[in-house]
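The values are calculated or read from the model by the stated rules, or taken from the named source; none is laboratory data. If you're wondering where the values come from, they're calculated on a predicted model, not measured in any experiment. With ideal geometry, Cβ positions are generated from the backbone for all residues, glycine too; neighbour counts draw on all protein chains shown. Surface accessibility is based on the protein's heavy atoms, side chains included, excluding ligands, DNA and RNA. Shrake-Rupley method; radii C 1.70, N 1.55, O 1.52, S 1.80 Å.
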Amino acid sequence: MILRLLIIMTTAVLLPVCAYSQEARYKWDIGVGAGMSGYIGDANSGFPFRHPGAAAQLFARYNFDSRWALRAQAGLSSLSGNTADMDNVLPDAAQYSFKSTLYDLSVRGEFNFFPYGIGETYKRLRRWTPVLSIGLGAVMSSVDGKNFTAMEIPLGLGVKYKASPRLNLAIEWTMTKALGDHLDGENLSDLYKIKSSFLKNTDWYSTICVSVTYDFGERCVVCNRKD
């Protein structure tokens with residue numbers, strides 16, 4: 001009788017532990033992304049992807065819980081523009097064009113609209129969620145053999161989908177404000193004789209990227225349910 005009771009008690013304790021360890025989430029994920037880049041500035045004042053370029057990303061993410069995360073990202077993008085495509089006429093009817101390569105580093109906070117993950121049904125996790133991100137970083141633009149640097153503020157909106165317990169797919173559209181006017185080079189700075197400031201005459205660039213990431217670093221082993 002005592003032995004049977006011990007077996008029942010041991011089973012009651014171990015079953016939830018085993019079930020939970022199979023549903024354990026992960027602290028980290030790393031991944032890559034690729035897609036299209038665009039630009040808004042002195043050589044393009046309308047649709048940012050009028051002259052589309054290529055974009056590539058490498059990033060690592062720390063997941064605080066199913067809603068909040070912090071992401072460190074490095075990016076590479078190509079931009080181009082031509083004032084001949086614009087409706088506005090520049091002073092003296094001048095026309096300009098450029099091609100540049102951008103290198104950027106940023107840190108971004110992420111918010112999942114739904115609790116994101118697989119398993120842990122008591123938390124009502126979902127395999128997909130819209131995602132909002134905002135951050136701070138630095139960007140370097142290389143144009144005609146010259147380099148220009150500026151601070152940047154990236155703003156992103158996307159959707160994540162957990163294809164498997166460790167594999168995540170996502171698509172994200174990001175608009176990034178550069179706190180400077182040289183992403184398109186020094187020849188396209190201040191074309192309208194308006195002094196640059198935080199709100200005026202600064203450049204933007206945009207990306208639409210698809211990414212894949214892999215989770216690692218188990219958050220919970222055995223029965224510690226700390227998020």
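Brief remarks on what is shown
- Condition met for Ala69 (part of a strand (DSSP E or B), crowded, with 19+ Cβ neighbours inside 10 Å, of a type in the set (Gly, Ala, Ser) and at pLDDT 90 or above): yes
- Region 1-45: number of residues that are surrounded by fewer than 11 Cβ atoms within 10 Å (Cβ to Cβ) and at pLDDT 50 or above: 1
- Taken as a whole, the condition of being closer than 26 Å to Asn168 by Cβ and at pLDDT below 75 does not apply to Glu110.
- Among the criteria (1) open to solvent by 10 Å² or more (accessible area, probe 1.4 Å); (2) modelled with pLDDT under 95, the one Ala170 does not fulfil is (2).
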